[in-house]
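Here is the structure we will look at, set down as structure tokens.
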Amino acid sequence: MMKPDDQQPHSLAVPRDLAPVDEVLHIPEVRELSERFPQEVVTAAVRAVLGRLRSEILDGEREVDASQVTAKSVAPWVVALVERSARPSLRRVINALGVVGHTNLGRSLLPDECVRAVASAAAFYSDLEIDLENGERGSRQVHVHDALCDLTGAEDALVVNNNAGAVLLALAATARDGEVMVSRGQLVEIGDGFRIPDILRESGAALVEVGTTNRTYLRDFEQAWTDRTRAVLRVHTSNYRIVGFATEPSLDELLALAHGRDAVMIDDLGSGALAELELFTEEPSIRASLEAGVDIVTFSGDKLLGGPQAGIVLGRSRAVDVMRRHPLARALRIDKLGIAALDALLRLYIDPEVALRQVPTLAMLRASADEVAARAAQLGELLLKRTAGADVAGGWPREGDLEVVSTVARAGAGSLPVTDIESAALAVRPARGEAGELADRLRDGDPPVLARIQERRVLLDLRAVRDQELDDLAEAVIRAVA
Ligand SMILES: *Cc1c(COP(=O)(O)O)cnc(C)c1O
């Protein structure tokens with residue numbers, strides 16, 4: 001007898017009993033899952049797989065007769081779904097893109113010293129907010145405060161969750177219900193929709209745009225000034241440059257104006273380079289801003305500094321202290337793992353040579369094109385050695401399948417946008433098929449490898465690949481080619 005349901009048009013193509021849930025639960029491999037995972041989890045996975053199949057069949061995305069969908073045929077999907085959901089989502093990847101501080105890949109890699117400090121702070125209690133001398137409550141800021149001041153000459157320092165937070169806090173603390181002046185040429189979007197004007201609005205300060213996109217003069221600031229003006233914000237356009245016919249007032253001019261009229265000067269440097277690297281000569285210097293007398297300097301911890309995600313605030317005590325005491329400071333506070341990493345990182349900067357060697361971001365940026373090419377050659381040799389005598393895709397690599405080529409790498413994270421960094425890659429020609437398919441298989445591997453494609457070859461840029469990753473990279477390439 002037909003049930004009422006069966007008269008609906010859908011059910012002609014898809015019977016309700018696509019494969020009964022109970023029947024799937026009795027397939028041995030699914031039963032075995034129930035020994036390792038709670039029954040509800042396994043049952044929910046069976047329902048999810050059947051539901052998805054049903055809608056795919058209904059939508060015509062899957063060309064199967066529903067009667068072919070047996071309990072046995074869906075079991076492997078159920079197993080895969082449950083096992084996948086039990087694995088952490090965040091995976092290690094190999095960055096063969098030649099983009100050092102790639103924001104989507106986690107920006108800076110931490111030096112070993114920082115990794116150890118993070119692991120210890122994560123696994124054990126620490127004196128995060130306790131003064132061990134007297135047992136009284138302390139501040140997490142003490143662990144980085146003095147080192148930041150010593151390294152930069154700043155009067156005072158404060159660290160928050162990230163630089164966007166630092167800018168928000170600076171504006172909320174100094175210009176709430178007042179006006180902030182920014183040059184039109186600096187109203188940047190940093191990426192991922194982070195826009196300076198939006199931050200300004202959320203801080204409660206009113207934005208006053210001054211000048212034009214390419215030319216802004218001191219007199220534009222003077223003319224726009226009102227008795228509600230509380231701050232002048234300079235934003236380092238770290239991810240683009242206006243070149244050619246362009247003018248901005250100097251920092252000294254802006255400072256004289258702001259301080260002459262009792263306003264605060266805020267300098268958002270974005271990348272915040274502390275190391276002395278030739279690549280960084282175009283970057284605004286943290287020390288120079290502080291020496292000039294800027295009240296609040298902000299920058300990221302994980303861009304050119306090479307540390308953890310953090311927003312670092314340096315400057316005059318009077319201004320920084322207002323930020324410290326603002327209620328938002330609590331909402332934006334840096335976590336203990338960030339403090340641990342930054343604390344350890346700053347110790348490395350005490351000796352600039354040590355920082356250049358030990359901080360991966362700096363070491364990667366500083367390596368010469370020849371050094372990177374040597375690493376690319378080393379990867380090539382590893383591939384030859386490991387495929388010798390093995391039958392990989394009918395004799396891969398053949399003559400010319402592997403070649404060291406010159407490339408252009410990037411600093412990433414919007415830093416040094418117009419700086420071409422000469423680099424090198426191993427260009428890999430697939431055994432068969434398109435380079436794009438090889439790149440897809442590399443991305444699909446374990447660990448996933450991210451690479452570029454150029455003229456039918458996959459380019460593995462070695463600038464952002466660490467020595468200890470070479471073995472894994474070679475294995476991943478062989479698996480993807482095979
Ligand atoms: C990157 C950047 C920010 C945002 O910093 P996060 O640490 O990513 O929050 C803000 N301002 C400028 C100029 C930047 O370059």
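The values are calculated or read from the model by the stated rules, or taken from the named source; none is laboratory data. Source: prediction; values computed, not measured. As a convention, Cβ positions derive from the backbone with ideal geometry for all residues, glycine included, and neighbour counts pool all protein chains shown. Heavy atoms of the whole protein, side chains included, go into the accessibility calculation; ligands, DNA and RNA do not. Shrake-Rupley method; radii C 1.70, N 1.55, O 1.52, S 1.80 Å.
Just a few scattered comments:
- Flag for Val180 being within 15 Å of the ligand (Cβ to nearest atom) and over 28 Å from Gly412 (Cα atoms): yes
- The set of residues in segment 405-443 being within 16 Å of the ligand (Cβ to nearest atom) and in contact with an Asp or Glu (Cβ under 9 Å, 6 or more places away or on another chain) consists of Arg410, Ala413, Ser415, Leu416, Val418, Thr419.
- For segment 399-420, filtering for residues that are over 16 Å from Leu460 (Cβ atoms) and hydrophobic (A, V, I, L, M, F, W, C) leaves 4.
- Residue match in segment 322-334 (condition: within 16 Å of the ligand (Cβ to nearest atom), open to solvent by 10 Å² or more (accessible area, probe 1.4 Å) and over 30 Å from Ala123 (Cβ atoms)): yes
- Just one of (1) at pLDDT 95 or above; (2) open to solvent by less than 60 Å² (accessible area, probe 1.4 Å); (3) not polar (S, T, N, Q) fails for Glu381. It is (2).
- Here segment 338-355 is the region considered, the condition is being part of a helix (DSSP H, G or I) and open to solvent by 60 Å² or more (accessible area, probe 1.4 Å), and the residue that is nearest to Ala122 (Cα to Cα) is Arg347.
- Applying a threshold of 7 Å to beta carbon distances and a minimum spacing of six or more residues, or different chains, the list of pairs starting in segment 304-329 at a residue that is farther than 29 Å from Ala355 by Cα and touching a residue at least 24 places away in the same chain (Cβ under 8 Å) and ending at one that is away from the ligand (no atom under 15 Å from the Cβ) and in a loop (DSSP other than H, G, I, E, B) reads Ala319/Asp295.
- Of all the residues in segment 159-176, those that are within 16 Å of the ligand (Cβ to nearest atom) and open to solvent by less than 10 Å² (accessible area, probe 1.4 Å) number 9.
- Apart from one condition, Val100 fits all of (1) without any contact (Cβ under 8 Å) to a residue 40 or more places away in the chain; (2) within 16 Å of the ligand (Cβ to nearest atom); the exception is (1).
- Scoring Asp420 on the criteria (1) surrounded by 13 or more Cβ atoms within 10 Å (Cβ to Cβ); (2) modelled with pLDDT under 95 leaves a single failure, condition (1).
- When segment 396-417 is filtered for residues that are open to solvent by 30 Å² or more (accessible area, probe 1.4 Å) and more than 30 Å from Leu269 (Cβ to Cβ), the ones remaining, listed by number, are Arg398, Glu399, Gly400, Leu402, Glu403, Val404, Ser406.
- Residue under evaluation Arg91, criteria (1) crowded, with 19+ Cβ neighbours inside 10 Å; (2) touching a Pro at 6+ places or on another chain (Cβ under 8 Å), criterion not met: (1)
Per-residue answers, yes or no, for (1) assigned to a helix (DSSP H, G or I); (2) surrounded by 14 or more Cβ atoms within 10 Å (Cβ to Cβ); (3) at pLDDT below 95:
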{"site": "Met1", "(1), (2), (3)": "no, no, yes"}
{"site": "Val41", "(1), (2), (3)": "yes, yes, no"}
{"site": "Leu50", "(1), (2), (3)": "yes, yes, yes"}
{"site": "Ser67", "(1), (2), (3)": "yes, no, yes"}
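- Residue pairs meeting the criteria (Cβ under 7 Å; at least 6 apart or on separate chains; first closer than 17 Å to Arg325 by Cα, in segment 127-155; second in a helix (DSSP H, G or I) and among the hydroxyl-bearing types (Ser, Thr, Tyr)): Glu155/Ser317
- When Ala393, Ala427, Ala431, Ala482 are screened for being open to solvent by 60 Å² or more (accessible area, probe 1.4 Å), of a type in the set (A, V, I, L, M) and over 22 Å from the mean Cα position of the chain (by Cα), only Ala482 passes.
- Where a residue in segment 457-468 is without any contact (Cβ under 8 Å) to a residue 60 or more places away in the chain and its partner, wherever it lies, is in a helix (DSSP H, G or I), with Cβ under 8 Å and at least six apart: Arg457/Ala435; Val458/Ala435; Val458/Leu438; Val458/Ala439; Val458/Leu442
- For Leu362, the conditions (1) of a type in the set (A, V, I, L, M); (2) away from the ligand (no atom under 16 Å from the Cβ); (3) open to solvent by 10 Å² or more (accessible area, probe 1.4 Å) all hold with the exception of (3).
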